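Asks: Have a look at the structure that comes next, please.
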Amino acid sequence: MPKRLSVQAYVDGVLAGNRMVLSRAITLVESRLASDRELAAQVLEACAAHSGKSYRLGITGVPGVGKSTFIDAFGMYLIGQGKKVAVLAVDPSSQRTRGSILGDKTRMAQLSRAEEAFIRPSPAGRTLGGVTRTTRETILLCEAAGYDFIIVETVGVGQSEIAVHSMVDFFLLLMLAGAGDELQGIKKGIVEMAHGLVINKADGENEAAASRARGEYKRALHLLAAAESGWQVPVLTCSALEQRGMAEVAEMLTAFQAHHQPDGWWARNRQAQALQWMQDAIRFELEDRFQRDEGVRAARPGLATEVEAGRLPPTIAAQRLIRLYLQGADEKSAED
Ligand code: GDP
């Protein structure tokens, strides 16, 4: 049984911005133990009233594009502006290193030493390109702890971008200047989800290519219909390594907010995301209960064999398992 604090101790620690307690609160929220979940729900409820005030920023891009270098540089820029920055990071090697904090320390060397920053690697084994079941809860806790910017990083594996897009205010796509046909490499769907494009590694010999790529992306984006809101997706260049272009990225985020707060989009987007969150939470909870149900676990292998052999239609097998689960749930509630 892991050591736990009292609800009050978690809440007080988080609200005081204590990073150690914040870490422990996130671990609590990530736990699947029934007793932890009850405690976690109380902590989240108490913290919810203090959340919602941050700028939620999603960052995606292929491995090697410079995400960690960029987050390190941009995070330090924000800190220089008096902000506090939380990074919910995914170490692509975390499957191997078990989400080691050391991995992220070397990836974001400056930020990991900064008092005003909090870096949280994804828990290993339960990630979808780094997006976990509990990323939204983690955002909420970080907001309650007073972080002004919450950066959610994801690696480009398709599904995870969609998940991150559904939990942030601004979705930033980090790119590289290719050799020649720049537009080949972009997954169209992802470009369409982005609120801004930033071409990284615009330094040294690559600077001219980056600037050319910028022009090409701009023209290409112009051909895509502008968002209903009238926001024209900006294309910027930067050098995360040389820490150049950070002010322009920050200005882009400010301009986006200035564009979307008055027209109501900002609030509507968050409302829609909150509903989606509720929807996902229901799905996770039901699925979790179903998977743990003893009756389901006992019957499942036999039914799976029948399905594999083609003797039982998958739908019928699923219905039987669900019936078993519902019976189990009924019996449990009768006992209560
Ligand atoms: P990630 O996999 O997207 O997180 O990429 P990293 O941040 O680990 O960067 C991959 C490699 O690109 C590293 O060797 C970085 O030093 C290098 N890199 C990152 N940003 C820049 C940049 O702005 N300019 C140059 N020249 N190299 C960069």
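Asks: Let me have the 222 nm mean residue ellipticity of the chain computed from DSSP H runs of 4+ only, each contributing -39500 (n - 2.57), with the sum over all residues rounded to the nearest 500.
Replies: So the helix-based figure for the chain works out to -17000 deg cm²/dmol.
Asks: Express the carbon and sulfur contribution to the solvent-accessible surface of the chain as a percent, rounded to the nearest whole number, probe 1.4 angstrom.
Replies: Accessible surface attributable to carbon and sulfur in the chain totals 55 percent.
Asks: Picking from LEU253, TRP265, ALA281, whose Cα lies most toward the positive end of the charge dipole for region 236-336 (charges on Cβ: Lys, Arg +1; Asp, Glu -1)?
Replies: After comparing all options, I get ALA281.
Asks: Another question, then. Only bridges whose two residues both fall in the chain count here: according to DSSP, what percent of them are antiparallel, nearest 5?
Replies: The answer is about 5 percent antiparallel.
Asks: Also: What spacing in nm lies between the two simple spin-label points modelled at GLU285 and GLN261, each 7 Å away from Cα in the Cβ direction?
Replies: Those two pseudo-labels are separated by 3.3 nm.
Asks: Now for a separate question. Keeping all protein chains in place, calculate the accessible area per residue for the chain (probe 1.4 angstrom), answer in Å².
Replies: Value returned for the chain: 51 Å² of accessible area per residue.
Asks: Let me ask another. Looking only at GLY75, GLY264, GLY178, which one moves most when the chain is put into a Gaussian network model with springs between Cα atoms under 10 Å?
Replies: Looking only at GLY75, GLY264, GLY178, the largest GNM fluctuation is found for GLY264.
Asks: May I have the extent of the alpha carbons of the chain along their three principal axes, as whole Å values ordered from largest to smallest?
Replies: Sorted from largest, the Cα extents of the chain read 69, 52, 43 Å.
Asks: Another question about this same structure. Can you sort MET20, MET278 by 1.4 Å-probe accessible area, starting with the largest?
Replies: If we order MET20, MET278 from most to least accessible, we get MET20, MET278.
Asks: I've got another one for you. Only four residue types carry charge here, +1 at the Cβ of Lys and Arg and -1 at the Cβ of Asp and Glu. Report the dipole size of the chain about the Cα centre in Debye, rounded to the nearest 20.
Replies: So the dipole magnitude of the chain works out to roughly 460 debye.
The values are calculated or read from the model by the stated rules, or taken from the named source; none is laboratory data. The structure presented is a predicted model; accordingly, all values stated were derived computationally and were not measured. Neighbour counts run over all protein chains shown; Cβ positions are idealised from the backbone, glycine included. The accessibility values were calculated without ligands, DNA or RNA, using every heavy atom of the protein model including side chains. Shrake-Rupley method; radii C 1.70, N 1.55, O 1.52, S 1.80 Å.
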